[in-house]
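Engineer: Before anything else, here's the structure in question.
Just so you know, all these numbers are worked out from the coordinates, no wet-lab data involved. For clarity, every value in this text was computed on a predicted model and none was experimentally measured. Here the Cβ is made from the backbone with ideal geometry for all residues, glycine too, and neighbour counts use every protein chain on show.
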Amino acid sequence: MGVHLEISKNVKSIRQIIGEYKRLDGLREREIEEAIQRAKQKETFSVESINRVTEALNQYAATHHLPLRKQVTVDMINEICHQA
């Protein structure tokens, strides 16, 4: 029974790690969407908050061997707006 408990604990740990990664990634995506909407409305926007979340996400991801995300630039946001 010990092996089953260890596997169960390991799976629970992995699920928690992935859950936190998804939470941070979702926060990053919301920040990106907000910047895109502001850009489309010709309002000023910043990528600082996006990149703060990206940095936290990447630090977490590196610790747990998960995919890293790129830093976002103003040009990237503007390019997305022109594609739409």
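Engineer: Count, please, the residues in segment 55-67 that happen to be surrounded by 13 or more Cβ atoms within 10 Å (Cβ to Cβ), over 23 Å from Glu34 (Cβ atoms) and without any contact (Cβ under 8 Å) to a residue 12 or more places away in the chain.
Structural biologist: Residues in segment 55-67 being surrounded by 13 or more Cβ atoms within 10 Å (Cβ to Cβ), over 23 Å from Glu34 (Cβ atoms) and without any contact (Cβ under 8 Å) to a residue 12 or more places away in the chain: 0 in total.
Engineer: Here are some residues: Arg28, Arg52. Which one is more than 15 Å from Cys81 (Cβ to Cβ), of a type in the set (D, E, K, R) and under 9 Å from the mean Cα position of the chain (by Cα)?
Structural biologist: Going through Arg28, Arg52 in turn, the sole match is Arg28.
Engineer: Follow-up. Which members of segment 68-77 meet the condition of being surrounded by fewer than 16 Cβ atoms within 10 Å (Cβ to Cβ) and in contact with a helix residue (DSSP H, G or I) (Cβ under 6 Å, 6 or more places away or on another chain)?
Structural biologist: Residues satisfying the conditions are Leu68, Gln71.
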